[in-house]
Amino acid sequence: MTKRFAVLLVGSPLHDPAEVAAVVAPYLSGLEALGGELLQRPPEAAGRPLLFLVATGGTEEAVLDLWDGSGPLLLVAHPGHNSLPASLEALAAARQQGGRGRILYLDGPGDEEGLRSALAAVEDVEAWQALGRSRLGLVGKPSDWLVASTPDAAVVRRVWGPEVIQVGMDRFLAACRAASVEGSADGGVEAALRALASEERLDALTVRCFDLIGARQATACLALSALNDEGVAAGCEGDLPSAVAMLWVRRLLGAVSWMANPARLDPAAGTVTLAHCTVPRSLVTAVRLDTHFESGLGRALAGTVPTGPVTLVRIGGRGLDRLWLAEGEVVSSGTEPDLCRTQATVRLATGRVGDLLTDPLGNHLVMVPGHQAGRLGGWWEAFVGPGYQSRSIVPG
């Protein structure tokens, strides 16, 4: 049976091989129990995550020679034989070369927390690899008002991994007309989106949805909600940064998320009210159909968001290399008539509401259930950003 990840043992020839083998054997056993397989050469990993078990000091150059730089450098260090200082030096050098990575420190063979961290690192690499295989559909162009949320497709590919598949609005509208049946409330939008996702093998998509109002007298709100619950990360307004964020949390956390406007905020109370018409039904306890807020046409979802822990995510910057994360609690769900139909007020526990005013990364935020900032921030630090700070926007 194919193992989940690969392990490469790196030791110095200056040390007695038998003694080193005896020292690292219990650490290797722990990694093998998690699904690791000991290999002799990196190519044998065959695309699986690769961990370097640093057996001794004096291995810094050997580690860098074995690492091809195509992914994060994951070093497993232990307390003996100068393993940790060698790992520190090797990772510092890799970062000086523009690489990313982390040190997974096992304080002893029975370090359960350390082994859990190693497994989380493997899962992080798997998510990174999955992003690199993903296809993200951009249907039409980003909405005209998204003046800070229009990254180049090449930037999305280089920084985050997904290939952006451009789909012309004329093509999509023709598909809507072909899919529409008499009496259809959405003008064939949902059927056309499903067909597009299948034909183009899309893992995520975002739609210039307001064009549908004039052309089809319909909206994509219900379709996007349904696709999110069915495994396709789906956003609106052609907002690529938000679609990337939704795909990211899907790949890393296996979580459904909601893209929404930060409609109101109170820096003194530390609250922000989110509102949008496309909430996935799995994230609400009750839902009713309403019209689309801005147009009064089509169908939109007015859901009740349950109280409980959530994390807010925004990626942005010209190079998609900036991040804002905040953990909090949903404290109320509203039904105000002058906001988009689903409304949730979040009180932040980490992060500053004022950051959204002083250093915004763009319009929309993505909400994901649970307190996930530590996991998301750790992944960001290893794969994208120059460092993660839980209480502020990360500078690019």
When only residues in the range 21-35 that are touching a residue at least 60 places away in the same chain (Cβ under 8 Å) and buried (at least 19 other Cβ atoms within 10 Å of the Cβ) count, which is nearest to LEU50 (Cα to Cα)?
LEU31
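Condition test on LEU253, is it within 30 Å of GLU163 (Cα to Cα), modelled with pLDDT of 95 or more and more than 13 Å from the chain's Cα centre (by Cα)?
Numbers: within 30 Å of GLU163 (Cα to Cα): yes; modelled with pLDDT of 95 or more: yes; more than 13 Å from the chain's Cα centre (by Cα): no.
When the stated conditions are applied, LEU253 does not pass them.
Give the range 145-179 a look and list any residue that's over 25 Å from the mean Cα position of the chain (by Cα) and either at pLDDT below 95 or not small (Gly, Ala, Ser) (or both), or say none. Before the answer, list the steps.
Taking the range 145-179 first, the residues over 25 Å from the mean Cα position of the chain (by Cα) are 168-179.
Result: MET169, ASP170, ARG171, PHE172, LEU173, ALA174, ALA175, CYS176, ARG177, ALA178, ALA179.
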Filtering the range 25-59 down to residues that are closer than 16 Å to LEU75 by Cβ and out of contact with any strand residue (DSSP E or B) (no Cβ under 9 Å at 6 or more places or on another chain) yields GLY57, GLY58
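Please state which one of GLY80, GLY110 is out of contact with any Ser or Thr (no Cβ under 8 Å at 6 or more places or on another chain) and over 17 Å from VAL10 (Cβ atoms). Give the steps one after another, and end with the answer.
Working: GLY80 fails: over 17 Å from VAL10 (Cβ atoms).
Result of the check over GLY80, GLY110: GLY110.
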Scan the range 131-151 residue by residue and report those that are surrounded by fewer than 16 Cβ atoms within 10 Å (Cβ to Cβ), in contact with a strand residue (DSSP E or B) (Cβ under 9 Å, 6 or more places away or on another chain) and β-branched (Val, Ile, Thr).
none
Taking strands (runs of 3 or more DSSP E) that do not extend beyond the range 296-358, which have at least 1 residues that are farther than 24 Å from ALA223 by Cβ and not acidic (Asp, Glu)?
308-316, 322-334, 342-348
Close pairs (8 angstrom Cβ cut-off, 6 or more residues apart or separate chains): at pLDDT below 90 in the range 203-220, β-branched (Val, Ile, Thr) and surrounded by fewer than 22 Cβ atoms within 10 Å (Cβ to Cβ) anywhere
THR219/ILE213
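Given the residues VAL305, VAL331, VAL366, which is the only one that is closer than 23 Å to VAL384 by Cα and either surrounded by 22 or more Cβ atoms within 10 Å (Cβ to Cβ) or more than 23 Å from the chain's Cα centre (by Cα) (or both)?
Numbers: VAL305 fails: closer than 23 Å to VAL384 by Cα; VAL331 fails: closer than 23 Å to VAL384 by Cα.
Checking each option against the conditions leaves just VAL366.
Residue under question is LEU240, and the condition is that it be modelled with pLDDT under 95, in contact with a strand residue (DSSP E or B) (Cβ under 8 Å, 6 or more places away or on another chain) and not polar (S, T, N, Q); does it hold?
Numbers: modelled with pLDDT under 95: no; in contact with a strand residue (DSSP E or B) (Cβ under 8 Å, 6 or more places away or on another chain): yes; not polar (S, T, N, Q): yes.
Here the answer is no, as LEU240 does not meet what is asked.
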Matching residues in the range 257-269 - criterion: being outside any strand (DSSP E or B) and surrounded by fewer than 21 Cβ atoms within 10 Å (Cβ to Cβ)
PRO267, ALA268, ALA269
The residue from ARG352, ARG375 that alone is assigned by TED's automatic domain parsing to the domain that holds ALA220, farther than 18 Å from ASN228 by Cβ and modelled with pLDDT of 90 or more is ARG375
Looking at (1) under 28 Å from SER332 (Cβ atoms); (2) part of a strand (DSSP E or B), can you tell me which one THR206 breaks?
(1)
Report whether or not ARG194 is assigned to a helix (DSSP H, G or I) and farther than 21 Å from PRO142 by Cα.
no
Close pairs from the range 114-133: first over 11 Å from PHE5 (Cβ atoms) and free of Cβ contacts under 8 Å to residues at least 40 places away in the same chain, partner surrounded by fewer than 20 Cβ atoms within 10 Å (Cβ to Cβ) and charged (D, E, K, R), Cβ under 8 Å, at least 6 apart:
GLY114/ASP107
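In the set GLU230, GLU163, which member is assigned by TED's automatic domain parsing to the domain that holds VAL256 and in contact (Cβ under 8 Å) with a residue 12 or more places away in the chain? Write out each step before concluding.
Numbers: GLU230 fails: in contact (Cβ under 8 Å) with a residue 12 or more places away in the chain.
Exactly one of GLU230, GLU163 is assigned by TED's automatic domain parsing to the domain that holds VAL256 and in contact (Cβ under 8 Å) with a residue 12 or more places away in the chain, namely GLU163.
The values are calculated or read from the model by the stated rules, or taken from the named source; none is laboratory data. Here the structure is a predicted model, which is why all the values come from computation and not from measurement. Heads up, the Cβs are rebuilt from the backbone with ideal geometry, glycines too, and the neighbour counts pull from every protein chain shown.
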